[in-house]
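So the structure is just underneath, and the comments pick up after that.
Just so it is clear, none of the values below were taken in a lab; they were calculated from the coordinates. Model, not experiment: these values are computed from the prediction. Positions of Cβ are generated from backbone atoms using ideal geometry, with glycine treated the same way; all protein chains shown enter the neighbour counts.
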Amino acid sequence: MAIDMFSHKHTLLDETEKDIVQRTYYNINQILTFLSEPDKWVKKRSKWSQALSNLGKGKPNQKEGD
């Protein structure tokens, strides 16, 4: 991917085509990252990761001993 993006051919593309190629490579990278470490990928992107990590620990702002 990097070789293609730094190539002369890529440099000559117009802005729209460059954007499409970059977005495609980004999405491919995300897929490969997900396939290699799905648990880590989901935790990193989950809105609920903090809430899930606090599950069973009482109320979110509650201090121990309260």
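Can you run phi through the Karplus equation (6.51, -1.76, 1.60; θ = phi - 60°) for segment 10-16 and list ³J(HN,Hα) in whole Hz, with x for Gly and Pro?
In residue order, the calculated couplings are 5, 4, 7, 5, 6, 4, 5 Hz.
In nanometres, what is the gap between the two model label sites at Ser46 and Ile28, each 7 Å from Cα along Cα-to-Cβ?
3.0
Where does each of 1-14, 31-44 land if you order them by average Cβ count within 10 Å, highest first?
31-44, 1-14
For Glu17 and Glu37, calculate 0.36 nm times their separation in residues minus their Cα-Cα distance, and state this gained length in nm to one decimal.
4.2 nm
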